[in-house]
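One structure is given below, represented as structure tokens, and several questions about it will come after.
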Amino acid sequence: MASIQRIVSPLTGEVSYRVQVRRKGRSADSARFPNRKEAVAWAESLETSIREGRHFPHAAAKRTSFDALAKDYVETVLAEIAALSHALSFAVKERRLLQRNPVSDIRRKPEPRGRTRFLSDDDRARLIKACAESAWPALHTLVLLAITTGARKGELIGLKWDDVDLKKGRALVSETKNDEPRTLPLAGKALEALRALKLKASARSEYVFPQPSGLPGPYEHFDAHWYAALEAAGIKDFHFHDLRHTTASMLAAQGASLLEIADVLGHKTLAMVKRYSHLVVDHKAKVIENMVAAKGL
């Protein structure tokens, strides 16, 4: 049973809603939302998952080591501090709203190099097979799209059928991290899976990946199915976002330039794709070796 508590911040006066879902008298999960509508929708979705046996909080806890939790903290919470500092610096220098940046006094270690975890061919095949056998069938289509387009999780989950052209093999992403709409080419098994998903889609849902419970909106909380697929595939220390790195590594192996990889991933500059430069160099080296051998040089 879910309970919703209205919370008002004593500092900012901001209102939020804390949801706690209990099962057999014990707390199953909790979350906080900016409005009551989202809180109710999340609670109903979670309660449906519990009733249908699709919610595995204890299994997830057993799979999460302290090292993984600490790493997650560094990559999310500390990254938010860096983003906050940047925003406050903008307020000081560009808008003259503050005299100084209060976060600048917080000592921070130099930012580490970006994570570059990606799947091998064998890992990729096992993961796709595990997703095809998932209790949530649409996970297979979602992962295929992520691997073949390099799109972010939020971009794919937010797709609506009106944004997808199955005949031309194109999907329009209106809302992106860079605030610039972009088109995703759809091809191969991902396009086939998407067409099959369309045939089974409910006429009531506008989203490609709707909530299984029938609630409005896309199915954002599918983590239990994702972790179950990783476990079935025997893959550890892998995030959904790492599928983008897998896309980049495959493009590099096929001879794509850094500019082409940046374009596929939706980056405005090459700075974010420099982590793949060694993969591009490896491909260039093989091309040169083949040329030298062919010409007897």
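The values are calculated or read from the model by the stated rules, or taken from the named source; none is laboratory data. Computed from a prediction, not measured in an experiment: that's the story for all the values here. Glycine gets a Cβ as well: all are built from the backbone with ideal geometry, and neighbour counts include every protein chain shown.
When you check residue 93 against the structure, is it over 29 Å from residue 242 (Cα atoms) and either at pLDDT 75 or above or more than 23 Å from the chain's Cα centre (by Cα) (or both), yes or no?
Taking the combined requirement at face value, the residue satisfies it.
Considering each of 116, 148 in turn, give the residue that is surrounded by fewer than 18 Cβ atoms within 10 Å (Cβ to Cβ), modelled with pLDDT under 90 and β-branched (Val, Ile, Thr).
116
Another question, then. So in the stretch 161-197, with the set limited to residues that are in contact with a Ser or Thr (Cβ under 9 Å, 6 or more places away or on another chain) and in a strand (DSSP E or B), which one is surrounded by the most Cβ atoms within 10 Å (Cβ to Cβ)?
The qualifying residue surrounded by the most Cβ atoms within 10 Å (Cβ to Cβ) is 171.
Taking only the stretch 234-269 into account, find how many residues are surrounded by 15 or more Cβ atoms within 10 Å (Cβ to Cβ), touching a residue at least 40 places away in the same chain (Cβ under 8 Å) and part of a loop (DSSP other than H, G, I, E, B).
Selection size over the stretch 234-269: 6.
Evaluate the following for residue 143: is it assigned by TED's automatic domain parsing to the domain that holds residue 208, modelled with pLDDT of 90 or more and in contact with a Cys (Cβ under 8 Å, 6 or more places away or on another chain)?
Against the criterion (assigned by TED's automatic domain parsing to the domain that holds residue 208, modelled with pLDDT of 90 or more and in contact with a Cys (Cβ under 8 Å, 6 or more places away or on another chain)), residue 143 qualifies.
Which count do you get for residues in the stretch 246-293 that are of a type in the set (D, E, K, R), modelled with pLDDT under 70 and more than 20 Å from residue 120 (Cβ to Cβ)?
Counting residues in the stretch 246-293 that are of a type in the set (D, E, K, R), modelled with pLDDT under 70 and more than 20 Å from residue 120 (Cβ to Cβ) gives 3.
While we're looking at this one, here's another question. How many residues does the stretch 206-219 contain that are in contact with a Phe, Trp or Tyr (Cβ under 8 Å, 6 or more places away or on another chain) and in a loop (DSSP other than H, G, I, E, B)?
Looking only at that region, the number is 7.
Still on this structure, please answer the following. Only one of 204, 195 is modelled with pLDDT under 85 and under 29 Å from residue 165 (Cβ atoms). Can you tell me which?
204 is the lone residue from the list that is modelled with pLDDT under 85 and under 29 Å from residue 165 (Cβ atoms).
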